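Everything below concerns the one structure shown next.
The values are calculated or read from the model by the stated rules, or taken from the named source; none is laboratory data. Quick caveat: nothing in here was measured; it's all calculated off a predicted structure. Here Cβ is always computed from backbone atoms with ideal geometry, including for glycine, and neighbour counts include all displayed protein chains. All accessible areas refer to the heavy atoms of the entire protein, side chains included, with ligands and DNA or RNA removed. Shrake-Rupley method; radii C 1.70, N 1.55, O 1.52, S 1.80 Å.
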Amino acid sequence: MSDARSSILASLRASRDAHPVETVASDFTVLREKRWGPAERLERVKRMMEAVHTEFVDATEQDWPAVVQAFLKDAGAKTVLYAPATEAGARLESSWADGGPELVRYDRPVDEFKEEMFTGIDAGITQTLGAIADTGSLVLWPSADEPRLLSLVPHIHIALLKADALYDTFWQVMTENRWAEGMPTNALLISGPSKTADIEQTLAYGVHGPKRLIVVVIR
Amino acid sequence: MAHAEIDFGKASRAALQDPQLRANFRRAMDGLMSKRAAQFADSAEWHSMRALGASVRLRALSKLPELLEKLEENCTRNGITVHWASTTDEANAIVLEIMLRVNAKLAVKGKSMVSEEMHLNAFLEKHGIEAIEADLGEYIIQLDHEMPSHIIMPAIHKNTKQIAQLFRDKIKEAEYTEDVDQLTGLARRVLRKKFMNADVGISGVNAAVAETGTLCLVENEGNGRMVTTVPPVHIAVMGLEKVVEKLEDVPPVLSLLTRSATAQPITTYVNMITSPRKDGEKDGPREIHLVILDNGRSKIYADEELRHTLRCIRCGACMNHCPVYTRVGGHAYQAPYPGPIGKILVPQMEGLDKRGAMPHACTMCNACVEICPVQIPIAGLMNRLREEAVHPGPAVKDAGAQASKAEALVWKGWAATFSSPTAYRMATTVLSAVGNAAPASLPLLKEWTSVRAKPRFAGRTLHDLARDRGIPDV
Ligand code: SF4
């Protein structure tokens with residue numbers, strides 16, 4: 001309907017040219033000034049995300065795969081989806097001990113195993129780009145190697161967070177890393193497990209996405 | 001009245017008689033108001049954020065045609081197909097055409113107010129396509145064949161008992177329970193199957209970024225991510241005012257939106273979509289379509305004052321704070337958008353003949369103006385529409401539709417009385433002498449006194465009393 005396009009644009013243009021819209025400069029100072037100290041940031045991320053039922057686990061660069069495995073075993077997970085082509089995926093593969101939950105590779109299009117993903121996977125593991133102190137959010141850039149559904153379909157989402165990858169605000173993340181120069185297929189902020197308050201304002205977790213979100217803080 | 005089926009006055013009176021409904025709204029709105037206030041406890045921050053939000057929206061409106069072209073250009077480059085629709089019929093036809101081409105039988109929907117404007121579900125159903133609402137609130141009201149009663153919390157008019165009963169009646173596998181976790185779990189099971197099998201996902205858009213061709217969506221449940229990631233085709237519908245210029249404009253808009261709407265610092269998910277599945281990627285839709293809908297918006301944009309309606313970011317805070325909305329609830333408006341924003345938006349979209357009553361359902365208390373995160377002068381626009389309703393003119397559809405000779409005559413008489421000292425003196429003398437004797441059941445007076453005490457005229461006028469004290473007439 002290209003005539004809709006031209007008539008809409010022509011009408012908007014004529015109206016605007018007849019009466020320009022008065023604007024005021026956008027002053028981002030209020031966002032620029034939201035700052036926390038390095039220690040405060042992690043503390044704040046934790047506090048805000050815990051308030052919406054996110055769980056935190058501490059680990060080190062050395063032991064995080066073992067920490068994740070132990071956690072998932074405790075949680076009763078039998079199958080764990082992961083991204084074998086990522087750095088974290090390689091670590092998981094090489095250090096996953098026998099006898100724990102089974103690792104399932106996300107290395108083919110979802111169309112080939114949709115049913116299995118929806119019905120047979122207990123947990124998914126992803127990396128993050130960091131976390132945001134202002135709102136208590138994880139930043140994820142899914143990719144060909146680390147697909148989007150890893151953090152959505154499995155009932156438990158394990159998110160790996162490097163303890164020094166912390167930002168003050170969402171605005172800071174995107175301006176400092178120049179997101180505007182090239183956005184990925186999908187960029188995400190995740191601030192807790194899936195939730196709803198649609199039944200009489202009563203909070204319930206795990207409505208469509210993960211029921212549990214576990215942030216593994218790696219130092 | 002030309003539209004007998006839409007009678008706001010009648011629907012409001014009925015709603016006011018329903019104590020359960022009033023209790024549900026009162027409780028919900030009180031909670032929302034106090035939680036929102038806590039989110040903006042730092043008043044300096046609130047003022048700066050709000051000024052920033054308003055500036056972002058004004059800048060977008062000032063370049064609206066260029067930004068829409070830029071959005072189209074960048075989306076197209078990213079692989080998103082852009083469609084334009086002047087009317088909701090055109091938008092529905094576009095959606096249907098895509099569905100038929102991919103042979104779709106089942107669509108899953110994320111929450112979208114524009115799709116409510118389009119009555120998209122009913123339209124698709126007519127063409128044999130099942131469209132399932134996946135947002136829990138929308139799912140609940142879809143089961144009950146209702147309209148949303150709030151733009152953020154569509155099922156806010158129902159309590160848990162009512163929902164428990166509804167699920168029992170409408171979902172095969174359901175047993176009666178008032179446990180919210182169990183009710184939610186049931187919806188999860190039913191809807192996960194739908195996500196898995198859907199041919200098309202339909203969503204709205206909270207902000208579309210011209211600079212990068214990115215569609216931003218906020219939500220808590222994950223249904224928005226499901227519908228935009230799992231099905232092979234994603235169709236996004238947006239009103240043409242939803243565009244912002246730059247990516248960095250998104251954080252302030254979303255922050256104001258989520259804090260104002262549900263008092264959350266941010267929603268669980270912020271989902272930014274820039275392209276369909278690229279080669280080598282393992283999930284995401286293979287096709288994305290963006291439908292840009294006008295439906296009266298370009299006409300709203302033509303008026304210098306009324307165009308500020310288009311700043312709105314659909315946070316719903318104005319309804320939460322509206323004394324009228326809180327009492328009559330969302331359904332009384334019989335419109336996709338209720339509350340203050342509905343009262344200024346819907347009459348402009350659908351015309352003052354059909355919707356002339358809406359701008360009058362306002363006490364001018366200004367609560368909405370004080371909390372609107374993008375500083376829309378809602379009450380001022382409401383006044384303007386009241387004026388448009390009685391004066392024929394080009395600015396608003398069906399302007400002048402409510403002009404009444406009797407009302408015009410009353411105002412003429414009032415003006416004459418108040419501009420002539422003699423007439424004024426006579427009128428007040430007569431009223432203070434016999435005004436109180438007038439029965440409350442007199443035709444015009446009855447309208448007022450049916451729900452209010454009859455005003456009492458003082459025995460002597462203010463002028464009289466002043467004269468007694470030696471203050472001379474001017
Ligand atoms: S008019 Fe303002 S307060 Fe109301 S929904 Fe729109 S942005 Fe929110």
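Things worth noting here:
- Of all residues making up region B:48-60, the number that are surrounded by fewer than 22 Cβ atoms within 10 Å (Cβ to Cβ) and either at the interface with chain A (Cβ under 8 Å from one of its Cβ atoms) or touching a His at 6+ places or on another chain (Cβ under 7 Å) (or both): 6
- Candidate set from region B:279-323 (those that are among the basic types (K, R) and more than 26 Å from B:I371 (Cα to Cα)); member that is nearest to the ligand (Cβ to nearest atom): B:K299
- Residue match in region A:168-187 (condition: buried (at least 19 other Cβ atoms within 10 Å of the Cβ) and at positive phi): no
This table checks each residue for (1) of a type outside the set (S, T, N, Q); (2) within 30 Å of A:A10 (Cβ to Cβ).
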residue: B:S12; (1), (2): no, no
residue: B:Q17; (1), (2): no, no
residue: B:R22; (1), (2): yes, no
residue: B:R27; (1), (2): yes, no
residue: B:M33; (1), (2): yes, no
residue: B:G53; (1), (2): yes, yes
residue: B:R57; (1), (2): yes, yes
residue: B:S62; (1), (2): no, yes
residue: B:L67; (1), (2): yes, yes
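- Test: residue in region B:166-186 that is touching a residue at least 40 places away in the same chain (Cβ under 8 Å) and either surrounded by fewer than 22 Cβ atoms within 10 Å (Cβ to Cβ) or under 20 Å from B:D18 (Cα atoms) (or both): no
- Considering region B:356-371, the residues that are open to solvent by less than 10 Å² (accessible area, probe 1.4 Å) and out of contact with any Phe, Trp or Tyr (no Cβ under 7 Å at 6 or more places or on another chain) include one that is farthest from the ligand (Cβ to nearest atom), namely B:G356.
- Checking each residue in region B:135-163 for being within 14 Å of the chain's Cα centre (by Cα) and either small (G, A, S) or more than 16 Å from the ligand (Cβ to nearest atom) (or both) picks out B:M147, B:S149.
- Residues in region B:188-204 that are β-branched (V, I, T) and surrounded by fewer than 21 Cβ atoms within 10 Å (Cβ to Cβ): B:V190 only.
- Hits in region B:134-174 (condition: in contact with a Lys or Arg (Cβ under 7 Å, 6 or more places away or on another chain) and more than 8 Å from chain A (Cβ to nearest Cβ)): B:E138, B:L143, B:I151, B:A174
- Condition check for A:H19: within 14 Å of chain B (Cβ to nearest Cβ), within 21 Å of the chain's Cα centre (by Cα) and within 30 Å of B:D249 (Cα to Cα): no
- Scope region B:190-234; condition under 22 Å from the mean Cα position of the chain (by Cα), more than 8 Å from chain A (Cβ to nearest Cβ) and under 24 Å from A:K114 (Cβ atoms); matching residues: B:I202, B:S203, B:L215, B:L217, B:E219, B:G224
- When we screen B:F25, B:F40 for residues that are more than 10 Å from chain A (Cβ to nearest Cβ), closer than 30 Å to B:H157 by Cα and surrounded by fewer than 21 Cβ atoms within 10 Å (Cβ to Cβ), the only hit is B:F40.
- Verdict on A:R35 being of a type in the set (K, R), within 14 Å of another protein chain (Cβ to nearest Cβ), surrounded by 18 or more Cβ atoms within 10 Å (Cβ to Cβ) and not in a strand (DSSP E or B): no
- Region B:246-293, subset facing chain A (nearest Cβ under 9 Å) and of a type in the set (D, E), residue most open to solvent (accessible area, probe 1.4 Å): B:D279
- Selection status of A:P154, in a loop (DSSP other than H, G, I, E, B), touching a residue at least 40 places away in the same chain (Cβ under 8 Å) and more than 9 Å from chain B (Cβ to nearest Cβ): yes
- Test for B:V205: is it in a loop (DSSP other than H, G, I, E, B) and within 16 Å of the ligand (Cβ to nearest atom): yes
- Test: residue in region B:330-341 that is out of contact with any Phe, Trp or Tyr (no Cβ under 9 Å at 6 or more places or on another chain), among the hydrophobic types (A, V, I, L, M, F, W, C) and within 16 Å of the ligand (Cβ to nearest atom): yes
- Subset tally (residues that are open to solvent by 10 Å² or more (accessible area, probe 1.4 Å) and free of Cβ contacts under 8 Å to residues at least 60 places away in the same chain) for region B:232-245: 1
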